[in-house]
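Student: First, the structure itself, so that you have it in front of you.
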Amino acid sequence: MTDSQPQMQNWNAFVEQWNEQFLDALEGNMEAQAGFVESWAETVERTTEDEEMADGVEGYARAYDAWMDASTQMVERMNDVVEGEDVDLEEFRDVWLNTANEAFKEVMSTTAFARMTGETVGDVLEAQQEADEAAETTLRTLGFATESDVVEVGDRLVELERRQHAVERKLDRVLEAIEE
């Protein structure tokens, strides 16, 4: 029974350390998410610059016009159906799909959208890097090989193979010289 008591203490210490690492990683993740939301909010606030704001409003206005044109087309085609004309249901679907594509294009082509998207992507990449670092720290603490460990081993193997080939070439030259 005394042999199992030290093992249990080691296990408890291990689990406690793992729990601390998990909580640290979780806290880091929450901080990264909070930073992302804060950065996104600041970006949205900064888009109030005159030219950018005007471009954004114009893009949304063009998208609104596209939806209004689609609505008009739909009403006209529904009237055709009421008057007895044979209208294919796919035509209704196509009007909405084409309009959605056009409206999204109008909004996404604005400088305001491009700026917000660019900053959002940057924030997401930064949060991803922080999450990767936290995961690597946790894995290293638990005694698992991390991606950087595997890459390092691979690099060392490639270097060993390169050196081995160089030694083999030199040995072949020495053997050739001896045989002559």
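Student: With the cut-off at 1.5 for a/c, could you classify the range 55-135 from its C-alpha gyration tensor as rounded, prolate or oblate?
Tutor: Here the range 55-135 falls in the oblate category.
Student: Per 0.36 nm of contour for each residue apart, how much would the distance between Ala135 and Leu97 grow if the chain were fully extended, relative to their Cα-Cα spacing?
Tutor: Here the answer is 9.5 nm.
Student: Next up: Once label points are set 7 Å from the Cα along Cα→Cβ at both Val87 and Val57, what is their separation, rounded to one decimal in nm?
Tutor: Modelled inter-label distance: 3.5 nm.
Student: Right, here's the next one. Could you compute the FRET efficiency for Val124 and Asn12, with r as their C-beta to C-beta distance and R0 at 45 Å, rounded to 0.05?
Tutor: Efficiency at R0 = 45 Å is approximately 0.75.
Student: For the residue pair Arg169 and Glu147, what label-to-label distance in nm results when each label sits 7 Å from Cα along the Cα-to-beta-carbon direction?
Tutor: Spacing of the two 7 Å Cα→Cβ label points: 3.4 nm.
Since every read-out is calculated from the coordinates, none of them should be taken as a lab result. Since the structure is predicted, the reported quantities are computational estimates derived from the model, not experimental observations. Please note: Cβ atoms are built from the backbone with ideal geometry, for glycine as well, and neighbour counts cover all protein chains shown.
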